[in-house]
Amino acid sequence: MSIKITVTVNGVKHTDKVEPRLLLVHYLRDVLRLTGTHVGCDTSGCGACTILVNGKATKSCTMLAVQADKAKVTTIEGIASNGELHPLQEGFNQCHGLQCGFCTPGIIMTACDLLKNNKKPSEEEIRVALEGNFCRCTGYENIVKSIQYAADKMSAPKARKTKKEATV
Amino acid sequence: MSTNNGNGTAATGGPIGKSVKRVEDKRFTMGHGKFTDDIVLPGQTYAAFVRSQYAHAKILSVDTSAAKAMPGVVAIYTGADVAAVNGVPCGWQVNFKNGNAMKEPKHPLLVADKTRHVGDAIAIVIAESIEEAFDAAQTVNVEYEELPCVVDAFKATQPGAPLVHDDVPNNICYDWALGNPIEEVNAAMSSAAHVTTLEFINQRLVPNAIEPRCYNSSYDAINDKYTLYTSTQNPHVIRLLMCAFVLGIPEHKVRVISYDVGGGFGSKIFHYTEEALLTWCTKQLGRPVKWTAERKESFVLDAHGRDHITKAEMGFDSGGKIVALRVKTYANLGAYLSTFGSCVPTYLHGTLMQGLYTTPKINIDVTAVFTHTTAVDAYRGAGRPEATYLLERLMDLAAHEMKIDPAELRFRNFIPPFDGVNQPGYQTQVALQYDSGNYHAALEKGLEMLGYEDFRKAQKESANNGKLLGVGFSTYIEACGIAPSAVVGSLGARAGLFEFGQIRVQPTGKVTVYTGAHSHGQGHETTFAQVVADKLGISMDDVEIVHGDTEKIGFGMGTYGSRSIAVGGTAIVKSIEKVIEKGKKIAAHLLEASADDIDFANGNFTVKGTDKSIAFGNVALTAYVPHNYPKDLEPGLDFSSFYDPANFTYPFGCHIAVVEVDKETGKVALKRFIAVDDFGNIINPMIVEGQVHGGVAQGVGQALFEGAEYNEHGQLVNASYMDYCMPRADDFPIFETATQVTPCPHNPLGVKGAGEAGAIGSTPAVVNAVIDALWSGGHEVKDIRMPLTSERVWRAMQN
Ligand code: FES
Ligand code: FES
């Protein structure tokens, strides 16, 4: 038995017939071939699969594809715009917020949600917000700094931002 | 020797020594990393396993008939099908004290007779989709007869213990000793004014690289060629072991590719049964077969780390000088010998018993034991964390017992500074010769960063507000950059431990670098490019690093033991030297001078004492368009080198932890963590600091959170992220790090390696800090079993 779903992923509408038991993460990875979203566990513990569903950070291994019918989904592949990196993508590079890079997509998507609701999170608020994400490589400190970098950049007035970019 | 705070090495003006941002980041932050599970091949099939739920059971029957009839099933194989295939080999032979070779029972690709640990593979089910493979695997019917099991290394050696392998008496793989004759050590120990004794468990850890292991193997019958995509740290070694030892297929017919790998920490060094089994299966089927571990499989299959039961005694004279060290360790190897399982408790552990101290008499005795548990092998640090934990716990405990300040006790026992050039290397009592060291300076720096005197004042005051403050020290050394092939060969290694590096200068002067080292988070694409750009005086944009493909790279030993920059980096430097030497001949011809008169600097070949010069790019072009060219010189500019180092490298440092213990609940809060590390010269301080952070997080994880727990039935009871406590972002303070530079005297970059130090130095510092907190509250506790949960600390305070 297959069920027809329509999901908007990174602005593109997809209609597919899927098995009811198919997890959303496998729909993204195996059906749409968006492999930036990763699977690190089978108990919703690692956060490597985190995406935005209707703007909210969601573990895509914990949701069925059929539950995403009619939803708007954003994955790591969809946050850069017009060839320009998202401030979080830039921040992770500037602050060495990744090593193997496997956890990174999930952590960036979690941080996207955080920064939407909290423009200037403190170090502690960032650490708490990351509770659902593991990183085995970095010890987290540079991830915290990467997110702070993005928060600063996103809240900086436009004019100053351009000037800063010109000097980089 | 110089000391500096934070930034490592003296910069040359080129990219070496600078915190260059990583060139590999873009693909990962954009979701375009290429991990093995991202690959789907034409005609792909998927594998799932039938695995033992029992730690020890006789297999009475395996019925696959119902499963074979399930939709989508392509094939099912059991132990009987692969009975004639070899098992996966062990890469290091350790001998018994009496000279006999260690016991090496077969580790079959699928078990046929009995299962020896939970997760042992009984059948592989291959289907058109992974869902169909899972469905069919569930209908395979296995009849077992459960047998008694043993999970504890000491108990496994006792009379009457259940045997893991029928032909291994007392479950002992080998016994082994190193150091001075035991009689001499006993005599020195009985002359001691004070003996500190510590009996402890260095608990078993699960590496938990976040990318589950994944393999995808395919076979091209027309050309008789295999391709194995694998999440490994060392593709060439996997190819060698799989071809020559397991499957008996010619190496040149096999290509092993390991693109992006989501963390290894040791657990992806080893040649696992699934790699060989999938490669065997793809030939039977003529279709590619893919398997990705579920996390619950990773927990019971990926080789674990540590798991030592140890009694250690350290004797001191009345002045606090160490006179002897005596150690007895039972090392748990798990059910099968993993690729390097045998050398971890011996040559990576016993050989580190000198630590940073002048201990004159040392003897360590190790019994390595099979149990009904997951195999144990190298996990970040591999043996050296266990050695450091042993020594540094003894030092702090002895300081408490003798009422000597723990920093002062170390100063009294440190080996004096030596640079390995003007002063010789330091010959230890346990085989190794240290290359260079300045141990006093590292501890002094750490104490300064801590503000030691102020801390002790604050500690006295803290007891009044319900909290106990404690500080713990760890002054560590590690043997890295493994290592000289002749030395490891004489110690039982069945492989060489050199590295390969090739510099291919393209006609336009752009450079492609082929390295046998493998990056799974270390940032080689940046660090190695820095070295090449610096040495050739070209832009980093003109350098590309290629790794992880046996068809592209001449050879490789891979990445582990903090060896990539020291061994792999040096192989690259050797090739650069050859490029420059040949370039000088070409430049000399073009500039009408003698090659001896050509200097190379900043990307230009110049006739000494003149302004006649020619750029690197023009020399490269001439090498490939050799119209006007030296007579006896071959065209092209492409060199490779194999580098076999003269010695290990010996990074060292001082880690200091400050904790606060809640008197009511026993809860431990890590308040500060200070790391002063000496890695020799540093190529990229940002990347090195990142390595320290990650290592410290794992070491603190061992001290406070992590530990594999087996019950008496051999079940790993915390085999999920719901139950195994992984350190999270809010478990850590900001780390206070600094580096000091004592260059390695025996490689041209002067580098020592930085991958494991964090995990080696940090664990005892944290445990020592908790014990110090308890002593400051009047609880004279010798040991608390790791991880230091609130309950364990609270109980320790009740006695
Ligand atoms: S894959 Fe681990 S939380 Fe989703
Ligand atoms: S960068 Fe490797 S797990 Fe986070």
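The values are calculated or read from the model by the stated rules, or taken from the named source; none is laboratory data. Since the structure is predicted, the reported quantities are computational estimates derived from the model, not experimental observations. Because the Cβ atoms are built from the backbone with ideal geometry, glycine has one as well, and the counts that use them run over all protein chains shown. To get the accessible areas, we keep the full protein, side chains included, count just its heavy atoms, and leave off ligands, DNA and RNA. Shrake-Rupley method; radii C 1.70, N 1.55, O 1.52, S 1.80 Å.
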- Task: Identify all residues within region A:108-123 that are more than 16 Å from ligand 1 (Cβ to nearest atom) and either farther than 21 Å from B:Gly694 by Cβ or not in a helix (DSSP H, G or I) (or both); write none if there are none.
- Result: A:Cys112, A:Leu114, A:Leu115, A:Lys116, A:Asn117, A:Asn118, A:Lys119, A:Lys120, A:Pro121, A:Ser122
- Of (1) at pLDDT 95 or above; (2) of a type outside the set (Asp, Glu); (3) within 16 Å of ligand 1 (Cβ to nearest atom), A:Thr43 satisfies every one except (1)
- Query: When you go through A:Gln94, A:Gln89 one by one, which is the residue that is under 30 Å from A:Lys153 (Cβ atoms), open to solvent by 30 Å² or more (accessible area, probe 1.4 Å) and within 16 Å of ligand 2 (Cβ to nearest atom)?
  - Reply: A:Gln94
- Which of the residues belonging to region B:110-139 are closer than 18 Å to A:Arg21 by Cβ and of a type outside the set (Val, Ile, Thr)? B:Ala127, B:Glu128, B:Ser129, B:Glu131, B:Glu132, B:Ala133, B:Phe134, B:Asp135, B:Ala136, B:Ala137, B:Gln138
- Query: Of the residues B:Val289, B:Val323, B:Val256, B:Val246, which is open to solvent by less than 20 Å² (accessible area, probe 1.4 Å) and more than 23 Å from B:Ile76 (Cα to Cα)?
  - Reply: B:Val256
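Across region B:539-559, which residue is nearest to B:Val20 (Cα to Cα) among those that are open to solvent by 30 Å² or more (accessible area, probe 1.4 Å) and at pLDDT 95 or above?
Restricting to residues being open to solvent by 30 Å² or more (accessible area, probe 1.4 Å) and at pLDDT 95 or above, the top hit is B:Met540.
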- Condition set among the small types (Gly, Ala, Ser) and open to solvent by less than 60 Å² (accessible area, probe 1.4 Å), scope region B:188-210, selection nearest to the other protein chains (Cβ to nearest Cβ): answer is B:Ala209
- Does region B:42-94 hold any residues that are closer than 30 Å to B:Gly492 by Cα and polar (S, T, N, Q), and which are they? B:Asn86, B:Gln93
- How many residues are at pLDDT below 95 and more than 14 Å from every other protein chain (Cβ to nearest Cβ) when one looks only at region B:753-775? 1
- Query: Considering only region A:58-85, how many residues are in a loop (DSSP other than H, G, I, E, B) and either within 14 Å of another protein chain (Cβ to nearest Cβ) or open to solvent by 70 Å² or more (accessible area, probe 1.4 Å) (or both)?
  - Reply: 10
- Message: Here is a check on your reading of the model: is B:Ser318 away from ligand 1 (no atom under 16 Å from the Cβ), part of a loop (DSSP other than H, G, I, E, B) and surrounded by fewer than 24 Cβ atoms within 10 Å (Cβ to Cβ)?
- Response: yes
- Task: Residue by residue through region B:494-528, note down the ones that are crowded, with 21+ Cβ neighbours inside 10 Å and aliphatic (A, V, I, L, M).
- Result: B:Leu497, B:Ile503, B:Val505, B:Val511, B:Val513, B:Ala517
- Item | Search result, residues across region A:126-160 that are surrounded by fewer than 18 Cβ atoms within 10 Å (Cβ to Cβ), within 16 Å of ligand 1 (Cβ to nearest atom) and of a type in the set (D, E, K, R) | A:Glu131
- Would you check if there is a residue in region A:25-43 being open to solvent by 30 Å² or more (accessible area, probe 1.4 Å), more than 10 Å from chain B (Cβ to nearest Cβ), touching a residue at least 12 places away in the same chain (Cβ under 8 Å) and assigned to a strand (DSSP E or B)? no
- Within region B:414-426, is there a residue that is β-branched (Val, Ile, Thr) and open to solvent by 50 Å² or more (accessible area, probe 1.4 Å)? yes
- Task: Can you confirm whether region A:137-147 contains a residue that is within 12 Å of another protein chain (Cβ to nearest Cβ), assigned to a loop (DSSP other than H, G, I, E, B) and in contact with a Ser or Thr (Cβ under 7 Å, 6 or more places away or on another chain)?
- Result: no
- Task: State yes or no: is B:Val696 more than 14 Å from chain A (Cβ to nearest Cβ) and crowded, with 24+ Cβ neighbours inside 10 Å?
- Result: no
- Message: Testing A:Cys46 on (1) open to solvent by less than 40 Å² (accessible area, probe 1.4 Å); (2) within 16 Å of ligand 2 (Cβ to nearest atom); (3) closer than 17 Å to B:Glu24 by Cβ, one condition comes back false. Which one is that?
- Response: (3)
- Message: Residues to consider are B:Val125, B:Val111, B:Val82; find the one that is β-branched (Val, Ile, Thr), within 26 Å of B:Gly248 (Cβ to Cβ) and either assigned to a strand (DSSP E or B) or in the same structural domain as B:His713 (by TED's automatic domain parsing) (or both).
- Response: B:Val125
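Among the listed residues B:Lys97, B:Lys106, B:Lys155, identify the single one that is without any contact (Cβ under 8 Å) to a residue 60 or more places away in the chain and assigned to a loop (DSSP other than H, G, I, E, B).
B:Lys106
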- Query: In region A:84-97, is there at least one residue being more than 16 Å from ligand 1 (Cβ to nearest atom), touching a strand residue (DSSP E or B) at 6+ places or on another chain (Cβ under 8 Å) and at pLDDT 95 or above?
  - Reply: no
- Message: Within region B:375-389, does at least one residue satisfy the condition of being in contact with a Gly (Cβ under 9 Å, 6 or more places away or on another chain), in the same structural domain as B:Pro748 (by TED's automatic domain parsing) and over 24 Å from B:Glu756 (Cβ atoms)?
- Response: no
- Of all residues in region B:185-208 being assigned to a loop (DSSP other than H, G, I, E, B) and in contact with a helix residue (DSSP H, G or I) (Cβ under 8 Å, 6 or more places away or on another chain), the one that is nearest to ligand 1 (Cβ to nearest atom): B:Asn208
- Message: Filter region A:5-24 down to the residues that are assigned to a loop (DSSP other than H, G, I, E, B) and either of a type outside the set (Gly, Ala, Ser) or surrounded by 15 or more Cβ atoms within 10 Å (Cβ to Cβ) (or both) and list them by number.
- Response: A:Asn10, A:Glu19, A:Pro20, A:Arg21, A:Leu22
- Message: Take the residues in region A:97-110 that are within 7 Å of chain B (Cβ to nearest Cβ) and of a type in the set (Val, Ile, Thr); name whichever of them is nearest to ligand 2 (Cβ to nearest atom).
- Response: A:Thr104
- Can you find a residue in region B:439-457 that is at pLDDT below 95 and part of a loop (DSSP other than H, G, I, E, B)? no
- Taking region B:67-112 and keeping only residues that are under 30 Å from B:Val344 (Cβ atoms), touching a Lys or Arg at 6+ places or on another chain (Cβ under 7 Å) and open to solvent by less than 30 Å² (accessible area, probe 1.4 Å), one is left with B:Gly87, B:Gly91, B:Trp92
- Message: Regarding region B:263-284, can at least one residue be identified that is within 21 Å of the chain's Cα centre (by Cα), surrounded by 22 or more Cβ atoms within 10 Å (Cβ to Cβ), of a type in the set (Phe, Trp, Tyr) and more than 14 Å from chain A (Cβ to nearest Cβ)?
- Response: yes
